[in-house]
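The block underneath contains the structure these notes are about, expressed in structure tokens.
The values are calculated or read from the model by the stated rules, or taken from the named source; none is laboratory data. This structure is a prediction, so every number in the text was calculated from the model and none was measured. Please note: Cβ atoms are built from the backbone with ideal geometry, for glycine as well, and neighbour counts cover all protein chains shown. Ligands, DNA and RNA are stripped out before the accessible areas are found, and what is left, the full protein with its side chains, is counted by its heavy atoms. Shrake-Rupley method; radii C 1.70, N 1.55, O 1.52, S 1.80 Å.
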Amino acid sequence: MTQVHPIVHEEQTLLDDVCERLGRPPPTEGATEDDIIAELRRIQDDIRTAKTEDKAALEQQYERQCRLLEQLRRGKQLDGVDPESPYFAHLGTEHEGRRSDVLLGRATSLENGLRIVDWRHAPVAKVYYRYQEGDEYEEDIGPRTIAGTVVARRAITINQARIDRIVSPQGTFLRDHDRWVHTDTLAPRLVTGVSGPVATAPRDQRLGSGKVNRADKHLPDIAALIDPEQFELIARPDSGPVVIRGGAGSGKTTVALHRIAYLAFANPQRFAPHKMLVMVWGRALRDYVSKVLPNLGVYNVGVATWSDWSRKLVERHFPYLPGHKNANTPSIVSRMKLHPKLPSLLERIVRERKAPATGESAFQDWRLLISDSKYYAELGSFTPAEIDQAMLWARAQLDHLSRHREERDKTAEPWLDEEDDAILLRAWQLRVGELRARGGGTIRYSHIMMDEVQDFSAMEVAVMLGACDTKKCITLAGDTQQHIQEQGGSEGWSSLLDSLHIESTALSTLKVSYRSTREITTFARSILGKLAEDEGPPLTARDGAAVELFPFPEHGACVSFLGEALRDLLRAEPLASVAVVTPNEAISRMYHEGFERMDVPMARLVVDQTFAFAPGIDVVDVRQVKGLEFDYVVIVSASSGDYPDRPNARRLLHVAATRAIHQLWVTWVGTPSPLLGATP
């Protein structure tokens, strides 16, 4: 008989007792939560492309599915506790020789001998998040002070009333069918990296860590693993902006999403789901975070991309303007319309130009801003020739719009630039007031979260601030080291905060990288060079395999080598996710076709951010992976031509490297990028 570790035995005994006290019902038959959520997403996609006359029926279907989901979840719960996953953490404390055990979950149940408390509300949760096992604690809880020693602090993964994983300071325990595997992976600890580039010769040319056991590759709910610094940000006051700065893998997105759940629980009337919004950079990130809030007990919070959200509002507020966007906007025009000083210029125009509070006046404010060269000259970073080029574009744009509005020339194809959406909406806010909601009323969010904020323009962020209620409760999460938009966004926090009139005291920094190993994080930091914002070596949670660098004479040899390595990896670790990150779509297609010829299983070509978030291999260009993570990453074609020594190339290669959780390989053909440092 296999001997069970005392920690596993203790946790299993504890769960058995909890299940007995809950009186766990048999599993629910019929549609599962995943089935209903998948149907909701399908209906949402249908609504976006449906004809106007079909949308009402689709919206009714959506509402029915939402009610069905709520009924299913209510039916699974007793006193708010889900018996199939009643808690996610175990806190044991001792004071004056008396032991006390509390379980942290997503609902509170103190009846029938249970001691399960809601992590968002129970004061004792502070002890779990602020202290480690072995620490002495003292906390003021209302009028009294509690003190003692933390004797057990464990994260517990429970599915269908069965423990699958225990993370403790003594190691990680994983269920493998009917036996338990004890690994040396400890609870996260800080590890400082070494300075300088990490570039090693290949050791055994093998991908794999043996640590991958999660099939769902969406952003995980890590409520049990939140550290004290992250918890302080989650529990910040519910007014004013909170700006979360942190390197790749530091938990910015996770903290911001858990903050939504915390606010919704603390004040459910004010922070009702329909009064909150998550704004993300792109489609992939929208899909990636989609399951976190429902897993935290917050349903139906809108998650939108800027382009989808803003386009609908422009069509609503300026119905006489065309929906067509120009795909060939000159780079200089985009740079001007995305400039961080533009919001203050628009504010001045509205303030100085006497006009009625109408949509037409807001349109004229936009027209004046884009067509008067004196405003672009005030930006201070453009030559007279560049300003002349922008004015030629503006005159052509306004001429087409004028002919379109007056219907003098129905053959003329009018256009708006993508960057015009934010300017038009901000002009409406400044001139008319709050944006209008569909079906009447105004848009007034109680809380907005913006992720990857460094790749939004100052004008876009200003629009979102204007869409908040008077409390201006907004969470901005980002990392200017991952700024990859060449035409817009923010390369520094001071310029972004200054342009939005946000006090620097609102900025908080998460310093520990939990996603990647010390080796990967150190390598990625060396790529940034002088662009790195933190002084000294990075802080990480664990060590791992060395970063491997592989030169090849041509792409065919690289495809052959990687194809064999990836086949071996998926045989050994069928739940692994791998990103083969390329510099552009053409190289992505070349490698994907090569993998298909080699019969590499589960190889997917990702176009337009259509990730499956499932085990397998995603072949994808670097501009699509920001904000995501993969068990393993292979960067291909890291050559001098694809990644020259330029700031944007440094950030792109840094983003690619920091997507990796366990292991990173880098390959190139010909001359390696100078950003790689020493090469084998």
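Data for the structure
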quantity	calculated
Gain in span if fully extended, Ala612 to Ala396, counting 0.36 nm per residue against the direct Cα distance	73.6 nm
Calculated FRET efficiency for the pair Arg405/Lys354, C-beta based, R₀ 35 Å, to 0.05	0.90
Antiparallel content of DSSP bridges confined to the chain, in %, to 5	45 percent
Residues of the range 225-251 with amide N under 19 Å of the 7 Å Cα→Cβ point at Thr509	227-234, 242-251
Percent RCO, i.e. relative contact order, over the chain, from Cα pairs under 8 Å lying at least 6 residues apart	15 percent
Surface accessible to a 1.4 Å probe, per residue, for the residues of the chain, Å²	44 Å²
The range 213-241-the range 599-661 distance, computed between alpha-carbon centres (Å)	25 Å
Fully extended contour minus Cα-Cα distance, from Tyr320 to Arg438, at 0.36 nm per residue	40.8 nm
Label-zone membership for the range 225-239, site Lys471, 7 angstrom Cα→C-beta point, backbone N under 20 Å	231-239
Inter-probe distance in nm under a simple model that places probes 7 Å from Cα toward Cβ, at Ala272 and Glu59	1.6 nm
Cys66/Ala304 FRET efficiency (R0 22 Å; Cβ-Cβ; nearest 0.05)	0.80
Amide H contacts of Arg436 (H built 1.01 Å from N, under 5 Å, at least 5 apart or other chain)	Ile443
Solvent-accessible area of Glu406 with every protein chain in place, 1.4 Å probe, in Å² to the nearest 10	110 Å²
Radius 9 Å from Cβ of Asp238, net charge of other residues (Lys, Arg +1; Asp, Glu -1)	+3
Accessible area of the chain belonging to carbon and sulfur atoms, whole % at 1.4 Å probe	48 percent
Listed pairs Lys211/Lys626; Lys275/Lys626; Lys312/Lys341; Lys325/Lys471 exceeding 31 Å between Cα atoms	Lys325/Lys471
Dipole in debye (nearest 20) - the range 147-187, about Cα centre, beta carbon charges: Lys, Arg +1; Asp, Glu -1	140 debye
Stretchable slack from Asp543 to Glu596, in nm (0.36 nm times residue separation minus alpha-carbon distance)	15.7 nm
